[in-house]
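The values are calculated or read from the model by the stated rules, or taken from the named source; none is laboratory data. Predicted model, so just to flag it, every value in this text is computed and none were measured. Here the Cβ positions follow ideal geometry from the backbone for every residue, glycine too, while neighbour counts run over all protein chains shown. These area figures cover heavy atoms from the full protein model, side chains too; ligands, DNA and RNA do not enter into them. Shrake-Rupley method; radii C 1.70, N 1.55, O 1.52, S 1.80 Å.
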Amino acid sequence: MINSFNKDDSMPTCVEKNKWLQIFDGYQLVDVAIQDNEIIHFCARKRVPQREASLLLDGEIATRIITLHPNGPLGKNCGCQTLHGMTLPVVGVSRFPFSQPSGMVSSRNADGDIWPYGRGISGPLEFINPGNYPAPQRLKCLNGFTYSVGVGRSIYKRIEVGKWIALRDGFPNIEGTAKHGFADIDAFSETDMYAVGGHGDVWHFNGTQWRQMGFPSNVQLGTVTCAGDGNVYISGEGGSLWVGQKSTWKAIYKGGASILWNDALWFQGKLWLASDYQLRRWNGNELEPVMYNGKTVPIYGHMDSYDQLLVVASPDYVMSFDGNTWRDLVSPY
């Protein structure tokens, strides 16, 4: 259980009690995406008793999309919509070149349902690729465009409102299996991109075609990060880490965890990693706990970074870091 920093540490939550009871109570956060440093989006699922949940399909559990304006006036800085029929949803954002940047939430289903929202936008429902099971596992905004990655090495790019195109050049035709599914995508540019997943499945995009890269392990891969130091970092089974480019990789950490990292990103010149149990930072030699004012920062879960802001969301707590100060954004009452 997270013990939030004491309020006398000058880290007051930015969601007051009545708003928390209205929006967050009864739901748990499962994903986060930063639109800019003034707008943060969350995906939350209704808390259902385990016995009841075992009798439900995932799409029968209510999904709540939440928008938080961390510097807005208390009581007026947070809103939400409740959706039904969303399966294993994740949250993302769209930015430039779209005239109305917004948040969006996806459903891992046969059509790849996408619901855009925020800044006056509320739908309409989009479909990544109807009937072809795009099943988005992650939404990622790269160079302004939103990408979806999923099973069967599926990669889609949102080029217009309501229009997604498949990036298939270079991929063989295979059945959509977990062995060949992508879990993450990242890019230095639109002509230098990486996608990873499956069992040691690493691919590079040169702007025209995808090519499979050599990788020294066949373990399950979870994240890829095109870092500010010019390297590419890949995390995999057990929390292990590799660094390199193209088909040249070096193992730098052999993890012993039972789960994958949820997110890995480059912030303040270092690689940050978050899982369901911990938040860590790679210092060039080892994974270290994240410290603030002599204490371990008490947060874990899912993470995003943009516009000089890092946000980490656990099921009940949210904290942000601007490079100098950690801030308690959401805490239960």
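Residue by residue through the range 208-219, which ³J(HN,Hα) values in whole Hz follow from phi under the Karplus form 6.51 cos²θ - 1.76 cosθ + 1.60 (θ = phi - 60°), with glycine and proline marked x?
Once rounded to whole Hz, the list reads 10, 8, 8, 10, 6, 9, x, 9, x, 8, 10, 6.
For the range 22-30, take each phi angle, set θ = phi - 60°, evaluate the Karplus expression 6.51 cos²θ - 1.76 cosθ + 1.60, and give the result in whole Hz per residue in order, putting x for glycine and proline.
So the J values, rounded to whole Hz, are 6, 10, 9, 4, x, 10, 10, 6, 10.
Write out the GluC sites (Glu not before Pro) in the range 140-217 meeting two conditions: DSSP loop, and at most 10 other Cβ atoms within 10 Å of their Cβ.
E175
Report the FRET efficiency, 1/(1 + (r/R0)^6), for N143 and A110, where r is their Cβ-Cβ distance and R0 is 41 Å, rounded to 0.05.
In this case the efficiency is close to 0.90.
Label points 7 Å out from Cα along the Cβ direction at N283 and N231: separation in nm?
Once both label points are built, they end up 1.6 nm from each other.
Sort T208, T146 by accessible area with a 1.4 Å probe, largest first. Kindly include the intermediate steps, with their values, before the conclusion.
On the way: T208 95, T146 0 Å².
Descending accessible area places them as T208, T146.
Give the long-range amide H neighbours of D113: residues separated by 5 or more places, or on another chain, with amide H under 5 Å away, using H modelled in the peptide plane at 1.01 Å from N.
S107, I128
Under the rule of at least 5 residues apart or a separate chain, name every residue whose amide H is placed under 5 Å from the amide H of S240.
Sorted by chain and number, the residues that satisfy this are G255.
Return the whole-Å distance between the Cα centroid of the range 53-127 and the Cα centroid of the range 308-333.
Going from one Cα centre to the other spans 20 Å.
Which net charge results for the neighbourhood of F145, defined as the other residues with beta-carbon distances under 11 angstrom from its beta-carbon, given Lys and Arg at +1 and Asp and Glu at -1?
+2
For every other residue with a beta carbon closer than 9 angstrom to the beta carbon of G85, add +1 if it is Lys or Arg and -1 if Asp or Glu, then tell me the sum.
Working: positive: none; negative: E60, D113.
Cβ neighbours under 9 Å give a net charge of -2.
Pick out, from L287, V311, V219, the residue whose Cα sits farthest towards the positive end of the charge dipole of the range 207-333, with +1 on the Cβ of Lys and Arg and -1 on the Cβ of Asp and Glu.
Towards the positive end, the residue furthest out is V219.
With charges only on Cβ, +1 for K and R and -1 for D and E, what is the dipole size of the range 184-333 about its Cα centre, in debye, rounded to 20? Don't skip to the answer; put the middle values down first.
Details: 9 positive and 16 negative charges, 88 e Å.
Charge dipole, the range 184-333, about its Cα centre: 420 debye, nearest 20.
Can you give the FRET efficiency for K76 and D276, using 1/(1 + (r/R0)^6), R0 = 30 Å, r = Cβ-Cβ distance, to the nearest 0.05?
For K76 and D276, the calculated efficiency is 0.40.
Using a cut-off of 14 Å between beta-carbons, work out the net charge of the residues near F96 (Lys and Arg +1, Asp and Glu -1, F96 not included).
Counting the neighbours of F96, the net charge comes to -1.
Once Rh is set to the Kirkwood radius over Cα pairs, what Stokes-Einstein translational diffusion coefficient, in µm²/s, holds for the range 41-110 at a temperature of 25 °C and a viscosity of 0.890 mPa s? Don't jump to the answer; show the numbers that get you there.
Numbers: Rh = 13.7 Å.
Translational diffusion coefficient: 179 µm²/s.
Quick one: Debye curve from the alpha-carbon atoms of the range 50-173 only, equal weights, vacuum; give me log10 I(q)/I(0) at q = 0.14, 0.21, 0.22 Å⁻¹ to two decimals.
Log10 of I(q)/I(0), two decimals: -0.64, -1.20, -1.28.
Residue separation times 0.36 nm, minus the C-alpha to C-alpha distance between Q245 and A257: what's the value? Walk me through the numbers on the way to the answer.
Details: separation 12, 0.36 × 12 = 4.32 nm, distance 2.49 nm.
Taking 0.36 nm per residue and subtracting the Cα distance, the gain is 1.8 nm.
Could you tell me the extents of the range 225-333's C-alpha atoms along the three principal axes, largest first, rounded to whole Å?
Cα extents, longest axis first: 49, 30, 23 Å.
For a quick check: with amide H placed at 1.01 Å from N, whose amide H comes under 5 Å from F171's, ignoring anything fewer than 5 positions away on the same chain?
W210
Between L21 and Q308, what is 0.36 nm times their sequence separation minus the Cα-Cα distance? Round to one decimal in nm.
Working: separation 287, 0.36 × 287 = 103.32 nm, distance 2.97 nm.
Computed gain between L21 and Q308 is 100.4 nm.
Rounded, prolate or oblate for the chain? Axes are the square roots of the Cα gyration tensor eigenvalues, ordered a ≥ b ≥ c, and the cut-off for rounded is a/c under 1.5.
Oblate, because a/c is 1.5 or more while a/b does not exceed b/c.
Considering only A110, A53, A33, give the residue with the highest GNM mean-square fluctuation for the chain, with springs between Cα atoms whenever their separation is below 10 Å.
Result for the chain, Cα springs under 10 Å: A53 fluctuates most.
Sort the range 139-218 into rounded, prolate or oblate with this rule: let a ≥ b ≥ c be the square roots of the eigenvalues of the Cα gyration tensor; rounded if a/c is under 1.5, and if a/c is not under 1.5, prolate when a/b is larger than b/c, oblate otherwise.
Verdict is prolate for the range 139-218.
Students often forget the sequence filter, so: which lysines lie under 22 Å Cα-Cα from K295 once same-chain residues fewer than 8 apart are removed?
Answer for K295, where 22 Å is the Cα cut-off: K7, K270, listed by chain and number.
Determine the gain in length on full extension of the stretch R211-N293; use 0.36 nm per residue of separation and subtract their C-alpha separation, reporting nm with one decimal.
Values: separation 82, 0.36 × 82 = 29.52 nm, distance 4.58 nm.
Taking R211 through N293 to full extension adds about 24.9 nm, to one decimal.
Where does each of Y253, Y117, Y300 land when they are ordered by accessible area, with a 1.4 Å probe and the largest first? List each step's numbers first, then the result.
Numbers: Y253 85, Y117 5, Y300 60 Å².
The residues order as Y253, Y300, Y117, largest area first.
Grab the beta carbon distance between S189 and Q268, set R0 = 25 Å, and tell me the FRET efficiency rounded to 0.05.
In this case the efficiency is close to 0.70.
Treating only the Cβ of Lys, Arg, Asp and Glu as charged (+1, +1, -1, -1), what charge dipole size does the chain show about its Cα centre? Round to the nearest 20 debye.
Using Cβ point charges on Lys, Arg, Asp and Glu, the chain gives about 160 debye.
Using θ = phi - 60° and the Karplus curve 6.51 cos²θ - 1.76 cosθ + 1.60, what whole-Hz ³J(HN,Hα) does each residue of the range 250-257 get, with Gly and Pro shown as x?
Along the range 250-257, the couplings run 10, 6, 10, 7, 9, x, x, 6 Hz.
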